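The values are calculated or read from the model by the stated rules, or taken from the named source; none is laboratory data. Because the structure is a prediction, the values reported are computed rather than measured. Surface areas here come from the heavy atoms of the whole protein model, side chains and all, with no ligands, DNA or RNA. Shrake-Rupley method; radii C 1.70, N 1.55, O 1.52, S 1.80 Å.
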Amino acid sequence: MTDDKDVLRDVWFGRIPTCFTLYQDEITEREAEPYYLLLPRVSYLTLVTDKVKKHFQKVMRQEDISEIWFEYEGTPLKWHYPIGLLFDLLASSSALPWNITVHFKSFPEKDLLHCPSKDAIEAHFMSCVKEADALKHKSQVINEMQKKDHKQLWMGLQNDRFDQFWAINRKLMEYPAEENGFRFIPFRIYQTTTERPFMQKLFRPVAADGQLHTLGDLLKEVCPSAIAPEDGEKKNQVMIHGIEPMLETPLQWLSEHLSYPDNFLHISIIPQPTD
């Protein structure tokens with residue numbers, strides 16, 4: 001892969017200032033102060049909120065506590081989506097800190113998966129990495145790795161260790177010199193305006209004539225409504241990691257540098273804010 005290490009580092013260390021507040025109907029023995037945290041964009045809510053849980057449980061009785069879940073402006077937050085994706089999709093036009101509400105009862109079964117332990121997060125994360133490698137290398141890279149390499153990927157993410165994670169992840173970002181990129185690009189496109197959770201299809205980084213496909217090419221094929229007509233006004237923002245990459249950016253470069261740790265490009269299409 002081309003080595004723009006600063007980009008990888010900036011993506012990894014992206015943080016979102018967040019204020020957690022206990023839901024007003026939760027029963028407490030004394031007032032629950034809000035809890036402030038810098039959330040890592042590349043991680044998962046249930047992986048980085050142990051301190052939040054402990055903070056609020058201090059003012060609650062044991063019998064009033066069941067599984068913790070989070071909500072933003074009435075929308076339950078899916079723990080199996082990376083934090084940065086949740087923010088871009090739901091809150092990117094709001095002021096910081098991001099205000100998240102904490103619940104300990106009335107778990108929304110229809111909207112959220114249960115997260116009984118860190119093992120559930122690890123299983124979800126590793127299944128995404130394996131799916132991405134099936135698209136990129138027909139699973140050859142991930143299958144040739146040892147169990148300890150898989151563990152190192154996970155521990156790197158869990159413990160926020162950039163070098164530990166990338167020592168293994170860089171192998172997943174390589175491809176043979178005679179090819180100009182991966183077999184297919186692992187991506188998911190999300191919109192709040194549709195019922196579908198996301199869009200995903202097979203898309204190659206290189207066209208039949210050898211030209212590199214761009215982000216714009218991907219959107220034209222998979223989600224044409226995201227692109228403004230040449231003479232029309234811009235109705236949507238296309239966001240990855242809180243930024244709007246230029247539509248001319250080669251998809252292969254984006255996949256190598258702006259993928260989340262699960263090796264997918266998570267692309268949010270959100271309505272253009274009306275200031």
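For residue 54 and residue 249, calculate 0.36 nm times their separation in residues minus their Cα-Cα distance, and state this gained length in nm to one decimal.
Between residue 54 and residue 249, full extension yields an extra 65.9 nm.
On the accessible surface of region 135-275, probed at 1.4 Å, how many percent belong to carbon and sulfur atoms?
Here carbon and sulfur together make up 49 percent of the probe-accessible area.
Ignoring everything but the protein chains, give the 1.4 Å probe accessible area of residue 198 in square angstrom, nearest 10.
Roughly 60 Å² of residue 198 is accessible to a 1.4 Å probe.
With respect to the cross-link table entries 58/118; 54/147; 171/201, which display a Cα-Cα separation exceeding 29 Å?
54/147
In nm, what is the difference between 0.36 nm times the number of residues separating residue 13 and residue 126 and their Cα-Cα distance?
Length gained between residue 13 and residue 126: 38.6 nm.
Once the Cα atoms of helix 147-158 and of the chain are each reduced to a long axis, what angle between those two axes, in degrees from 0 to 90 to the nearest 10, is obtained?
60
If you average the alpha carbon positions of region 87-136 and of region 242-258, how far apart do those two centres end up, in angstrom?
Each part reduced to its Cα centre gives a spacing of 23 Å.
Straight distance only, please: which aspartates and glutamates reach the Cα of residue 138 with their own Cα at less than 20 Å, same-chain residues fewer than 8 apart left out?
Residue 138 reaches 149, 174, 178, 179, 256, 262.
Taking a 24 Å limit on the Cα-Cα distance, which of the listed pairs 78/130; 105/151; 78/235 fall beyond it?
105/151; 78/235
Per the Debye formula with a single identical scatterer at each Cα and no solvent contribution, what log10 I(q)/I(0) holds for region 176-269 at q = 0.13, 0.21 Å⁻¹?
Debye output, listed in q order: -0.43, -1.10.
Just to verify a number: what accessible area does residue 201 come out at with the full protein assembly present, 1.4 Å probe, Å² rounded to tens?
For residue 201, the solvent-accessible surface is approximately 90 Å².
Ignoring everything except DSSP H segments at least 4 long, calculate the 222 nm mean residue ellipticity for the chain; use -39,500 (n - 2.57) per segment, divide by total residues, nearest 500.
It lands at -9000 deg cm²/dmol.
Using 0.36 nm per residue of separation minus the Cα-Cα distance, give me the extension gain between residue 202 and residue 95 in nm, one decimal.
Result: 34.9 nm gained on full extension.
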